[in-house]
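J.: If you scroll down you'll find the structure; I have some questions about it.
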Amino acid sequence: MTSSQIVSAAHSEGESRGALRGVVAIDGPAAAGKSTTARGLALLSGAAYLDTGAIYRAVAWAVLRDGLSPEGGQVADLAGRLDIDISVDPSLGQQVTVDGERVEAQLRSRQVSEAVPSVASHPIVREAVHQIQRNVIARLVASRGGIVVEGRDIGTVVAPEAGLKVFLTASDDERALRRSRQEGVTTWNGIMAVRQALLRRDTRDRNRAVSPLAKAPDAVEVDTTSMTPAEVVDRLVSLADERGMLRLAAHPPVGPDGTPDDGPQETITSPATFRSLFRGHAAGVVVITADAGSGPVGFTATSLSSVSLHPPLVAFALSTSASSWETVSAATSVVVNFLSADQHEIARRFATSHVDRFAAPTSWSRLPSGEPVLDGVPAYLRAVPESRFEAGDHHLVVARAVEARIRRLHLPLIYHAGSYTTATTVL
Ligand SMILES: Nc1ncnc2c1ncn2[C@@H]1O[C@H](COP(=O)(O)OP(=O)(O)O)[C@@H](O)[C@H]1O
Ligand SMILES: Nc1ccn([C@@H]2O[C@H](COP(=O)(O)OP(=O)(O)O)[C@@H](O)[C@H]2O)c(=O)n1
């Protein structure tokens, strides 16, 4: 492979480190829950996530694309020429690119699943893929602090230095049922065919000569047969914590000479943990607009909360460095524009610096009372600021609602785990 880059969301690299330190290696047979657990742990701990199976699947996809035999010697030549990119941010859906083409939707086809064990047993293919994986791991540990890597040979060959190695298993029947559910297979014969294909692939993965599927001697085996996904993630959090890999609080304060300060210590929540916590907390998205006489300003906020019903009060927070603060601090009224799920572009625009947020394609007008309001928003609230407090690196504004208008029913825009999403009913 000529190169492999990391598809990084803006927030996946270069920002403060997550709570996980080092490498967590998760290996195990098909449908044991490796991807689910690895992604869950990475999301919870602000770490990166690497699905190594997807890389082998990408090579297998290219082998089929080129009409080659998965067993043939040309596979090694092809692997050397491929350019494969894979996303490592657990909050993004998986994104895999082969020679510039997005292929993730095709990687779990029957044909690819059948071809991949043969492709993955070529020593030259494995060597090339191992090199990519080691580069990714080193890069992400340096930039992000921690990474969760899942596959077949991570604890044994790719990252034998991993701080935590887990071998996930589940009974054959349970794994067959999980994969069948995942693929929408419901008939008895269908489930039996899935079971057979899965066990056949396991056997080939266990018996290949080069880096076979195996439990590392120092790996902890977790049988997930009767566990929910959340229980499995919890178990891994405990194991990582026992090994000192989770920094849920900042290091103890150190004295001027660098030695630990033995005096009374306050536990300080690290910004990364604080941020990780709120990445997991869903919040509705609004755009707050105002004009204090020098033109309209607006900003995207997830901090809106209703504070009181009698009188009707809302609160929101705005960074002390926000360009909108000067206007919001002087405005006698503001408008809270509630966004619907399809209005994520508006949310992005009003969160972007150094652009004229009110220029086209933004469509806006003024209320009879003069405040700017965004056209097309499903609901808005006009409010009069009553108190403004400095709160850390933000200003907190409490405002009295004076006019509320609901124009249409809508699914709300929600910000969760670094992405825009919407609400779904679970009960
Ligand atoms: N503990 C669990 N209980 C029930 N279903 C699970 C559990 N863990 C994963 N699953 C489901 O089983 C399927 C296979 O899981 P996945 O994480 O893709 O396994 P692997 O990466 O080991 O092949 C997915 O549909 C997933 O949602
Ligand atoms: N580290 C790895 C990961 C996957 N693989 C190969 O890639 C195939 C697909 O891996 P996967 O993780 O996507 O498979 P599932 O467990 O999701 O079914 C495996 O069956 C192995 O043949 C490997 O050889 N080594």
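The values are calculated or read from the model by the stated rules, or taken from the named source; none is laboratory data. Just so it is clear, the model here is predicted, and its values are computed rather than measured. Glycine also receives a Cβ, built like all others from the backbone with ideal geometry; neighbour counts cover every protein chain displayed. Surface areas here come from the heavy atoms of the whole protein model, side chains and all, with no ligands, DNA or RNA. Shrake-Rupley method; radii C 1.70, N 1.55, O 1.52, S 1.80 Å.
J.: Kindly check whether there is at least one residue in the range 408-419 that is free of Cβ contacts under 8 Å to residues at least 40 places away in the same chain, open to solvent by 50 Å² or more (accessible area, probe 1.4 Å) and part of a strand (DSSP E or B).
T.: No.
J.: Continuing with this model, one more query. Where in the range 268-370 are there strands (runs of 3 or more DSSP E), lying wholly inside it, with at least 1 residues that are within 16 Å of L413 (Cβ to Cβ) and touching a residue at least 24 places away in the same chain (Cβ under 8 Å)?
T.: 286-291, 296-301, 313-319, 334-338
J.: A further question on this structure: Kindly check whether there is at least one residue in the range 213-236 that is among the hydrophobic types (A, V, I, L, M, F, W, C), part of a strand (DSSP E or B) and modelled with pLDDT under 80. First the steps, then the outcome.
T.: Of all residues in the range 213-236, those among the hydrophobic types (A, V, I, L, M, F, W, C) come to 213-214, 216, 219-220, 222, 227, 230, 232-233, 236.
Among the residues that remain, those that are also part of a strand (DSSP E or B) are: 220, 222.
Still in the running and modelled with pLDDT under 80: none.
No, that holds for no residue.
J.: Do you know which of the residues in the range 21-39 that are in a loop (DSSP other than H, G, I, E, B) and touching a helix residue (DSSP H, G or I) at 6+ places or on another chain (Cβ under 7 Å) is nearest to P90 (Cα to Cα)? If you could, list the steps in order and put the result at the bottom.
T.: Initially, the range 21-39 is screened for residues in a loop (DSSP other than H, G, I, E, B), giving 21, 28-33.
With the extra rule that they be touching a helix residue (DSSP H, G or I) at 6+ places or on another chain (Cβ under 7 Å), the set shrinks to 28-33.
Values: G28: 20, P29: 21, A30: 20, A31: 18, A32: 19, G33: 15 Å.
The selected residue is G33.
J.: Follow-up question, since we're still on this one. Just one of (1) part of a loop (DSSP other than H, G, I, E, B); (2) exposed (fewer than 15 other Cβ atoms within 10 Å of the Cβ); (3) at pLDDT 90 or above trips up E386, so point out which.
T.: It is condition (1) that E386 fails.
J.: May I ask you to list the residues in the range 176-207 that are within 10 Å of ligand 1 (Cβ to nearest atom), within 20 Å of P117 (Cβ to Cβ) and open to solvent by 60 Å² or more (accessible area, probe 1.4 Å)?
T.: Within the range 176-207, Q182, E183 qualify.
J.: Between a residue in the range 21-37 that is more than 6 Å from ligand 1 (Cβ to nearest atom) and any residue that is modelled with pLDDT under 95 and basic (K, R), which pairs come within a Cβ distance under 8 Å, given they are 6 or more apart or on different chains?
T.: R21/R247
J.: Starting from the range 143-166, take each residue that is within 12 Å of ligand 1 (Cβ to nearest atom) and part of a loop (DSSP other than H, G, I, E, B) and list its partners that are polar (S, T, N, Q) and open to solvent by less than 10 Å² (accessible area, probe 1.4 Å), counting only C-beta distances under 9 angstrom and pairs at least six apart or across chains.
T.: R152/T52
J.: If A62 meets every condition in (1) in a helix (DSSP H, G or I); (2) at pLDDT below 90 apart from one, which number is that one?
T.: (2)
J.: Does the range 77-87 hold any residues that are more than 16 Å from ligand 1 (Cβ to nearest atom) and buried (at least 16 other Cβ atoms within 10 Å of the Cβ), and which are they? Before you say what the answer is, go through the steps one by one.
T.: Of the range 77-87, the ones more than 16 Å from ligand 1 (Cβ to nearest atom) are 77-85.
Listed by number, the residues that qualify are L78, A79, L82, I84, D85.
J.: On the basis of being touching a Phe, Trp or Tyr at 6+ places or on another chain (Cβ under 8 Å) and either hydroxyl-bearing (S, T, Y) or under 22 Å from V103 (Cβ atoms) (or both), does V116 make the cut? If you could, list the steps in order and put the result at the bottom.
T.: Values: touching a Phe, Trp or Tyr at 6+ places or on another chain (Cβ under 8 Å): yes; either hydroxyl-bearing (S, T, Y) or under 22 Å from V103 (Cβ atoms) (or both): yes.
When the stated conditions are applied, V116 passes them.
J.: Which residue, of F338, F299, is in the same structural domain as P412 (by TED's automatic domain parsing), open to solvent by 30 Å² or more (accessible area, probe 1.4 Å) and among the aromatic types (F, W, Y)? Write out each step before concluding.
T.: On the way: F299 fails: open to solvent by 30 Å² or more (accessible area, probe 1.4 Å).
When all the criteria are applied, what remains is F338.
J.: Tally time: how many residues in the range 94-132 are within 16 Å of ligand 1 (Cβ to nearest atom) and either among the hydrophobic types (A, V, I, L, M, F, W, C) or open to solvent by less than 50 Å² (accessible area, probe 1.4 Å) (or both)?
T.: Looking only at that region, the number is 10.
J.: Let me confirm something: among Y49, Y56, which residue is out of contact with any strand residue (DSSP E or B) (no Cβ under 7 Å at 6 or more places or on another chain), of a type in the set (F, W, Y) and under 16 Å from Q133 (Cα atoms)? Write out each step before concluding.
T.: Numbers: Y49 fails: out of contact with any strand residue (DSSP E or B) (no Cβ under 7 Å at 6 or more places or on another chain).
Going through Y49, Y56 in turn, the sole match is Y56.
J.: Scan the range 158-172 and give yes if some residue there is within 9 Å of ligand 2 (Cβ to nearest atom) and either β-branched (V, I, T) or open to solvent by less than 30 Å² (accessible area, probe 1.4 Å) (or both), otherwise no.
T.: Taking the range 158-172 as the starting set, the residues that turn out to be within 9 Å of ligand 2 (Cβ to nearest atom) are 158.
Going one step further and asking which of them are either β-branched (V, I, T) or open to solvent by less than 30 Å² (accessible area, probe 1.4 Å) (or both), we end up with 158.
For the range 158-172, residues within 9 Å of ligand 2 (Cβ to nearest atom) and either β-branched (V, I, T) or open to solvent by less than 30 Å² (accessible area, probe 1.4 Å) (or both): present.
Let's see how each residue does on (1) over 22 Å from the mean Cα position of the chain (by Cα); (2) modelled with pLDDT under 90:
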{"position": "T37", "(1), (2)": "no, no"}
{"position": "I55", "(1), (2)": "no, no"}
{"position": "L68", "(1), (2)": "yes, no"}
{"position": "G93", "(1), (2)": "no, yes"}
